[in-house]
1. Could you tell me which residue of the stretch 243-255 is surrounded by the fewest Cβ atoms within 10 Å (Cβ to Cβ), considering only residues that are farther than 17 Å from VAL57 by Cα and touching a residue at least 40 places away in the same chain (Cβ under 8 Å)?
2. Can you work out which of the residues in the stretch 121-131 that are over 12 Å from ALA53 (Cβ atoms) and over 17 Å from the mean Cα position of the chain (by Cα) is surrounded by the fewest Cβ atoms within 10 Å (Cβ to Cβ)?
3. From ASP46, ASP37, ASP50, which residue is modelled with pLDDT of 95 or more and exposed (fewer than 13 other Cβ atoms within 10 Å of the Cβ)?
4. When only residues in the stretch 21-51 that are outside any helix (DSSP H, G or I), among the basic types (Lys, Arg) and touching a helix residue (DSSP H, G or I) at 6+ places or on another chain (Cβ under 9 Å) count, which is farthest from ASN269 (Cα to Cα)?
5. Pairs, please: C-beta under 9 Å, at least 6 apart or cross-chain, first residue under 15 Å from GLN200 (Cβ atoms) and surrounded by 19 or more Cβ atoms within 10 Å (Cβ to Cβ) and in the stretch 93-109, second hydrophobic (A, V, I, L, M, F, W, C) and modelled with pLDDT under 95?
6. Can you tell me which residue among ASP265, ASP258, ASP227, ASP240 is of a type in the set (Asp, Glu) and surrounded by 17 or more Cβ atoms within 10 Å (Cβ to Cβ)?
Amino acid sequence: MEKRKILFGSLMLLLAVAVQAARVDTVMVKSPSMDKDVKVVYVLPDKAIDGKACPVVYLLHGYSGNALTWITLKQELPLLADEKGIIFVCPDGKNSWYWDSPKNPSYRYETFVSSELVEYTDTHYATIPHRKARAISGLSMGGHGALWNAIRHKDVFGAAGSMSGGVDIRPFPKNWEMSRQLGEFDANREVWDSHTVVNQLDKIENGDLAITVDCGEADFFLEVNKDLHKRLLERKIDHDFTTRPGGHNGTYWNNSIDYHILFFDKFFNKK
């Protein structure tokens with residue numbers, strides 16, 4: 001019992017320090033396309049609170065996650081926001097895979113993330129409203145969503161990342177409620193083909209996006225990530241690709257996000 005009290009106290013202290021370092025806002029953002037409010041967590045550095053324009057990184061959660069996933073997984077996020085002068089935006093994407101679902105009109109999360117949320121953020125916070133100061137990344141389903149949105153909206157995002165991303169959904173037709181958004185795989189193969197990241201690469205040329213992709217060596221998404229890397233090389237699209245020890249879990253993502261933030265910070269500061 002005493003050990004539990006010490007652990008709980010340490011966690012509360014860490015959270016208190018983190019919250020003091022930057023402001024964490026939880027807001028409901030209206031989505032006109034879905035006619036509903038979407039919960040979004042904003043992590044705002046002191047610079048942004050003081051009205052100084054900052055770059056923005058959108059962070060997408062994975063399947064079964066929510067808007068609180070990233071601030072829970074990476075409790076140092078407010079400290080990193082202050083250190084780098086970056087605004088972090090974490091929307092609740094449900095289990096949408098961040099598509100505009102061709103089957104479900106109430107799931108238009110591509111429109112929400114790449115248009116409605118960006119517009120809201122630039123209107124309500126001290127951002128630099130330009131693709132050169134806007135990046136997007138995510139874990140697992142969110143890694144797919146980040147690349148999906150960035151590739152299809154390269155006019156909005158200048159940099160994109162994926163951690164353990166499900167970048168080719170087709171080997172997993174029975175998993176993670178994807179058939180609810182796309183229809184059953186066998187009867188809708190063309191839809192599945194057109195809604196997977198690896199088949200979107202013809203929409204970009206080298207230099208259109210700064211891209212970083214990583215995956216754990218024990219991750220079930222490792223092979224599809226290696227295939228994405230191969231396809232990017234074949235198209236001569238520059239990108240960072242890294243594999244590290246680790247699986248499909250919070251320990252891996254807690255470490256991986258540090259490298260993505262470093263990658264985006266370098267992108268934002270590029271002359």
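The values are calculated or read from the model by the stated rules, or taken from the named source; none is laboratory data. Remember, predicted model here, so these are calculated numbers, not experimental data. In this analysis, Cβ positions are derived from the backbone assuming ideal geometry, glycine residues included, and neighbour counts consider all displayed protein chains.
1. GLY250
2. Once the filter is applied, the top-ranked residue is THR123.
3. ASP37
4. So the residue we want is LYS30.
5. Listed pairs, sorted by first residue: TRP97/ILE169; TRP97/TRP176; TRP97/MET178; TRP97/LEU182; TRP99/LEU182.
6. When all the criteria are applied, what remains is ASP265.
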